[in-house]
Amino acid sequence: MLLEAAGRPLVPVNIAVPMPGPGQLLIRVHACGVCRTDLHIVDGELTHPKLPLVLGHQIVGTVEASGQRVGVPWLGWTDGDCRYCRSGRENLCDRARFTGYDIDGGYAEYAVADERFCFPIPEGYHDLQAAPLLCAGLIGWRSLSFAGDAERLGLYGFGASAHIICQVARWQGRRVFAFTREGDEEGQAFARSLGAEWAGSGAPPEELDAAIIFAPAGELVPAALAAVAKGGSVVCAGIHMSDIPSFPYELLWGERVLRSVANLTRRDGEEFLALAPLVPVHTEVEEHPLEAAGEALARLRSGAVRGAAVLRL
């Protein structure tokens, strides 16, 4: 399913099976998660994609040469030599290339990936259930690490990432407060079923120690700052967010911290994929055939997806 230009629907096309180069693997795709980042690319909010482009950066498949099952995440290549890579911050590499953005991704029967950036998939996870771990899970895990040891954790936007990280946070002994769109009773019930002790919109019933904002809505930043106690952190987890409105310094004062999360590292992947079976993380998946990728994106845009949408190949 090919994106020819921003703002256009994906179109089904037949293309040649890609040829792997040195250090690359040819992967037969079994499943690919549908991510909000894909929407940002389609909608032109991430402005420099390779075009035409095969979207998709939560790929689960088997290596044609060996039969090994692997996962391919958003971070697809780094130079390994810049100051960021040398200091363990390869997620910030200025020359980084990303799957489903700079490199054709998993909305296709085959994909090619750098073997250094492929992860073994934990046993016990079906292909469809494993796919959301590769971005929703990894970005959520990195975001959670920046929340420190916060006991009272707010999750703003209860979608693919939050439904995974809610489970991890509860396993760690944290208290979870889930924020959804006003009136989203189904989403609130879903959050409570995964261990959130409160779910709603507006102000939480008590102060938070940290908040993670998964929804790409800048107006949530002042709201989250107002909800966290002194010394608390607000972590913006998305790759794109609408403009943050101005807010009084009082909301930031008291040694509150506001920070973003950019991409992921291979270490994040190794840590989280080792942890997921221990929790164990269960991913709620809405399954779509490849040719319905446009419909899956539309459902994601409207907020109709419960958990994560995944394409079945």
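The values are calculated or read from the model by the stated rules, or taken from the named source; none is laboratory data. This one's a predicted model, so the numbers in the text were calculated from it and none came from an experiment. Quick reminder, even Gly has a Cβ in these numbers, built from the backbone with ideal geometry, and neighbours come from all protein chains shown.
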Under 6 Å by Cβ, and 6 or more places apart or on different chains, what pairs join a residue from the stretch 70-92 that is without any contact (Cβ under 8 Å) to a residue 40 or more places away in the chain with one that is assigned to a helix (DSSP H, G or I) and surrounded by fewer than 20 Cβ atoms within 10 Å (Cβ to Cβ)? Thr78/Cys85; Tyr84/Leu92
For Ile41, which of the numbered conditions (1) touching a strand residue (DSSP E or B) at 6+ places or on another chain (Cβ under 8 Å); (2) over 25 Å from Arg95 (Cβ atoms) fails to hold? (2)
Of all residues in the stretch 162-176, which are surrounded by 23 or more Cβ atoms within 10 Å (Cβ to Cβ) and free of Cβ contacts under 8 Å to residues at least 40 places away in the same chain? Cys166, Ala169, Val176
Among (1) modelled with pLDDT under 95; (2) within 24 Å of Gly231 (Cα to Cα), where does Val176 come up short? (1)
Selection within the stretch 9-40 - free of Cβ contacts under 8 Å to residues at least 40 places away in the same chain, under 19 Å from Ala65 (Cα atoms) and aliphatic (A, V, I, L, M): Ala16
Of all residues in the stretch 180-194 being touching a Ser or Thr at 6+ places or on another chain (Cβ under 6 Å) and farther than 15 Å from Ala160 by Cβ, the one that is surrounded by the fewest Cβ atoms within 10 Å (Cβ to Cβ): Glu182
Given the stretch 214-313, what strands (runs of 3 or more DSSP E) lie entirely inside it while holding 2 or more residues that are in contact with a helix residue (DSSP H, G or I) (Cβ under 7 Å, 6 or more places away or on another chain) and hydrophobic (A, V, I, L, M, F, W, C)? 228-236, 308-312
Starting from residues that are of a type in the set (Ser, Thr, Tyr) and more than 21 Å from the chain's Cα centre (by Cα), keep the ones in the stretch 64-104 and report whichever is nearest to Ala5 (Cα to Cα). Tyr84
Out of the stretch 99-116, which residues are in contact (Cβ under 8 Å) with a residue 60 or more places away in the chain and either surrounded by 22 or more Cβ atoms within 10 Å (Cβ to Cβ) or in contact with a His (Cβ under 7 Å, 6 or more places away or on another chain) (or both)? Gly100, Tyr101, Asp104, Gly105, Gly106, Tyr107, Ala108, Ala111, Ala113
Please work out if Gly232 is surrounded by fewer than 16 Cβ atoms within 10 Å (Cβ to Cβ) and more than 20 Å from the chain's Cα centre (by Cα). no
